[in-house]
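We did not get these values from a lab; they are worked out from the coordinates using the rules stated. If you're wondering where the values come from, they're calculated on a predicted model, not measured in any experiment. Positions of Cβ are backbone-derived with ideal geometry, glycine not excepted, and every protein chain shown enters the neighbour counts.
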Amino acid sequence: MGLKYLSTVVVLATALTLTAQNLPLRQIPIDQGWLFNPTDDPSFSGIRVDEKNWKPISVEKDWDSQGHKGLIGFAWYRLKFVLPKALRNEDKLKEGMFLVVGKVDDGDQVFLNGEFVGQNGKTFNPGSKPPADFRTGQWQLERIYKLAMNDPRLKWGSENVLAVRVANPSGPGGMYGGGQHIRVVGMSNILDFQAQSAPFTFYGSELVKKFDLLNTSSKFSVQGTLNIDVVGIMSGKKIINNTRTIDIAPGEKMPINVQLGIKDEACKISYHIAFKDGDSYEFKEESPYILTPPVSNMPKINGATTFGARPGKPFMFTVPVSGERPMTITASGLPKSLAINSQTGIITGITPALGTYKILIKATNARGEATRELEIISGDRLALTPPMGWNSWNCWGLSVDEEKVVASARTFVEKGLRDHGWSYINIDDGWEIVGSSPDPKRDSDGNILVNNKFPNMKRLGDRLHDLGLKFGIYSSPGPLTCGGYTGSYEYEQNDANSYAEWGVDYLKYDWCSYGRVAKDSSLAELKKPYEVMRDALGKVNRDIVLSLCQYGMGKVWEWGDSVGGQLWRTTYDITDTWNSMSTIGFSQVENAPFAKPGAWNDPDMLVLGWVGWGPNLHPTRLTPDEQYTHMSLWCLLSAPLLLGCDLTRLDPFTLNLLTNDEVLAINQDKMGRQATQKVIDGSIQVWVKELHDGGKAIGIFNLGETTTEYEVNLESIGIAGNKTIRDIWRQRDLSQLQSKHRTRIAPHGVTLLKVI
Ligand code: GAL
C-alpha cells in the first residue's frame, strides 16, 4: 500500500515538472474578455470600432441567460488578443493552426482584423467576401477554422481583433461554450483516434472493443506512447493499466484491442497519448454494462394495456408480443368492425361506437402461451399512453430521406422493438420544399408538394402500415419550418387533408416562424395556430395525434390539452450531453399535475444510440449510467419515448436499454401519472410515480460525480406496509421491504425500483 502510494506521487511530480518547464506553448485560450452588441452592423467586423456601448459577455453560455432573452436576428461579439510569436515557431508539422470559435447557436461569420475568415465552421481563403446567408440549424457544431501560419489575416506578436457575427432565427442564441482557443496543428490532429466510433461488442464472457489509430498525414510519422487505464466505477477496482509505444508511418494505422471481462458496472477507460512533438491527446469513455435479462423465447404480451381511438375512423393497433416466431396471436371479444391478423398481431378495421371494449389477447408459440387483457377505448381521446417510436431529427436532421425512414421501420421489426411497444415512425423537418427554392411549394389547389427525398408519401405510409407501424410527420403553423422548409400557414386544411390521404397518424407542429405571424405573445395568440390545426385535423377521416412543439411557451402544459394536443414540448431542444439531458429531465416539476391519459408533457426526444442532427452521426455522448438515468427518468415522467438514433446501428447495450418491459411498463402505465420529485438531498434526488396497480415506481438518482451510498426513508416518501420491492432494471425481487432502503449509485446513475 505504502509503496504504491509513493510511486503515484513520484509519477505525478515528474509530470508536473514536464508541464511547467519542458512543454512548448501550443495553445492559447480566447474564451475571456469578449464584448457584445445586440444589433447588426457590417462595420462591426472592422479593426477600429467604437466599443463604448458594447457590454462584456460570457461566451460560455447563450445570450438568453445573460439579459438578452428572446433575442432573434443578428448580434456581434468582439475580442482583442495578442498572438504570441512563440506559437508560430511550434508549427513543426507545417500544418498551421486552428482558430476555435466554439459552439454558436445558430450561425456564425468570423472576421479577423477586418477580414472575413469563414462561416459555420468552413474556412474561406484570404480575400473572400462573406456570403449573404449563413443561417443554419447546426447549433451543435463546433466551429473550427484552419489557418496557415503565414495567413495574411494573422498579426504575429501584436494585437488581433476577432469579430463574430451571430445569426439566430429562433430559440436561444449566441456563442455558448466549446472552449474558444487557438492551437497549433500537432500530431494529435493528424492522428485519427477512432475509439469513439467503435462500439463495444459482447463476446461470451468478454467485452471487446477494436479500433485503429490512423495516421492521416502523408508526410509525418506519429510517435509517442499510449496509456490505457481502466477502473471500475462502482468498485473502484483497477482493471487495466498499460503503456505502449506508438510509431505509425504516414498513411498507416495501428490496431488497438481493449478487452474486459463482462462487468456489472461501467468502467472508466482513459486513453492518453503523449506525442513526441510535445502534443498530447486524451479520450475518456465508459464501458457499457447490461442489466436487463435477455428476452425470453416464451410468448409475452408487452406494451400499453389501453388504446384510444375515435369512433368511425380507420383503426390500427399492433399487439406487441415478444418470443420465438412463428407465433399465433388471437383476440377474443373484438367488436365486429375489427379483425386481427393472427400471424402479425395487427388489429385493423373501423373503430366501433363509443365505449370501452375489453379484449383478451392470446399469444401462442412452440414454447407456450400468454394471455393479457387489452382495453380499446372508443372515445375522443388518443394517445392514452405516451407515444413510443422513432423520429428522424436527432439522428439525420435535415438529411433525412425515405430510405432512411424505411430502414428505421424495418429495424423496429427485425430487432424486435415493435414487440415491446415501439410503434411510431416519425419524419421530422426536411420533407417539404425549401422555402428559398424557386420551385413551387404547392400545387394549383394549394396541396403541399414534397421534395425529391420523399417521392411518394402515400407509398411510404403504406410501407409503414404494412409493418404494423404508425406514420408521423412534421410541420410548422408559420410560413416556414425551423429548417427553412415550407410550413402550413394559411394552408392548414389542405395539409390536414394531405396527411390523411397519405395515412399519417401523428403530426408534430412546430411553432418556429409563426413567431412572425403572431400579433403578440398573449395566451390567445399562443393557442391560435394549434386550435386551427386541431380543427383541420378534426375534419379528416383519420385519428391524427397532435404534438405541440413550442418549447413550453405560456406554460403550455396548462392548456395544451384544451387546444387538441396529446403532447407538448416543455423545453427547448435536447442534446446528447449530461448537462442538457439532466437539466431538462430534472426540471419537469411544475408540469406534473397536468399529465394524464392523452395529455403528456414532452421533455424532448431520447438521445440514445447514434445521433448527429445531420449526415454525420456519433454515438451518444451520454455515459452508460447517464443512459440508464435518461431512460428511467423519461419513463417515470410518463414522457413520450421517441428515439432519435440510427436504428440500423443499435448495439446490444442500447437495444437492451430499450427493451426492458418492466421499465417500459412504468412509462406506459394506464393511470398516466407523472412522477414527482420527493427528495433532494445533496446530489441525490428521489422521484416517485404512482401506478394503476397500487404500486409505486421509485427512481433514486445520483446527480453527483462520485459513487454514493444512499438510504431512502421509504415512509417519508409515502411508502409503508408489508410490501415487496423489486429492482426494475435487473428484473429481480429484493428482500422484503424495510422502512429504509439502502442503495449504492454510480455517478449520474440511478437505482430504479418498484414497490407493491
Ligand atoms: C426545432 C424542434 C426540433 C426539430 C427542429 C426541426 O424547433 O425543436 O425538435 O423539430 O425544429 O427544424
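Is the shape of the chain rounded, prolate or oblate, going by the alpha carbon gyration tensor and its root eigenvalues a ≥ b ≥ c, with a/c under 1.5 for rounded and a/b larger than b/c for prolate? Oblate. Summary of packing: across the peptides 636-648, 610-622, 64-76, the per-residue average of other C-beta atoms within 10 Å ranks them, highest first, as 636-648, 610-622, 64-76.
Looking at the range 192-298, the trypsin sites (Lys or Arg not before Pro) that sit in a DSSP loop and have at most 15 other Cβ atoms within 10 Å of their own Cβ are Lys219, Lys237, Lys276. Axis angle, to the nearest 10 degrees, between helix 624-636 and the longest C-alpha principal axis of the chain: 40 degrees. Could you pull out the pairs from Lys263/Lys300; Lys237/Lys263; Lys122/Lys276; Lys678/Lys754 whose alpha carbons sit more than 18 Å apart here? Beyond 18 Å between Cα atoms: Lys263/Lys300; Lys122/Lys276. The shape of the range 561-619 comes out prolate: with a ≥ b ≥ c from the C-alpha gyration tensor, a/c is at least 1.5 and a/b beats b/c. Longest span of the chain, sites excluded, free of GluC sites (Glu not before Pro) in DSSP loop with at most 15 other C-beta atoms within 10 Å? So the longest stretch without any such site is 52-251.
I want the local charge near Pro131. Using Cβ-Cβ distances under 13 Å, sum +1 for each Lys or Arg and -1 for each Asp or Glu among the other residues. Summing Lys/Arg as +1 and Asp/Glu as -1 gives +2. Taking the helices alone, the chain has a mean residue ellipticity at 222 nm of -4500 deg cm²/dmol, built from -39,500 (n - 2.57) per DSSP H run of at least 4 residues and averaged over all its residues. Here the Karplus curve 6.51 cos²θ - 1.76 cosθ + 1.60, taken at θ = phi - 60°, turns the phi angles of the range 99-112 into couplings of 9, 9, 8, x, 9, 9, 10, 10, x, 9, 10, 10, 10, 10 Hz, with x standing for Gly and Pro. Do any of Lys52/Lys146; Lys358/Lys689; Lys415/Lys696; Lys209/Lys284 go past 22 Å between their Cα atoms, and which? Table pairs above 22 Å Cα-Cα are Lys52/Lys146; Lys358/Lys689; Lys415/Lys696. Only Cα pairs under 8 Å and 6+ residues apart enter the sum, and on that basis the relative contact order of the range 349-479 stands at 21 percent. Ordering Thr39, Thr225, Thr570 from the fewest to the most neighbouring beta carbons within 10 Å gives Thr39, Thr225, Thr570. The spacing between the range 319-389 and the range 62-83, judged by their C-alpha centroids, is 55 Å.
When only Cα pairs below 8 angstrom with a gap of at least 6 residues are kept, the chain shows a relative contact order of 9 percent.
With pairing defined as another cysteine C-beta under 4.7 Å, the cysteines of the chain that fail it are Cys267, Cys395, Cys549, Cys635, Cys645. Going by a ≥ b ≥ c, the root eigenvalues of the Cα gyration tensor, does the range 210-258 fall in the rounded group (a/c under 1.5), the prolate group (a/b larger than b/c) or the oblate group? Here the range 210-258 falls in the prolate category. Over the range 84-240, Cα pairs under 8 Å with separation of 6+ residues give a relative contact order of 26 percent.
A simple spin-label model places the labels of Lys219 and Arg516 4.8 nm from each other, with each point 7 Å out along Cα-to-Cβ. Exposure proxy shown here: for Ser587, Ser580, the number of other Cβ atoms within 10 Å sets the order, fewest to most, as Ser587, Ser580. Residues Asp133, Asp625 in ascending order of nearby Cβ atoms (within 10 Å, fewest first): Asp133, Asp625. Against the chain, whose longest principal axis is taken from its Cα atoms, helix 457-466 shows a tilt of about 60°. Note on Arg732 and Ala148: the extension gain reaches 204.2 nm, defined as 0.36 nm multiplied by sequence separation minus the Cα-Cα distance. Measuring r between the beta carbons of Ala524 and Leu449 and using R0 = 45 Å, the FRET efficiency lands at 0.90. Here the dipole of the chain is about 780 debye; that uses its Cα centre as origin and unit charges on the Cβ of Lys and Arg (positive) and Asp and Glu (negative). Between Lys555 and Asp264, the distance separating the two model label sites (each 7 Å from Cα on the Cα→Cβ line) works out to 4.6 nm.
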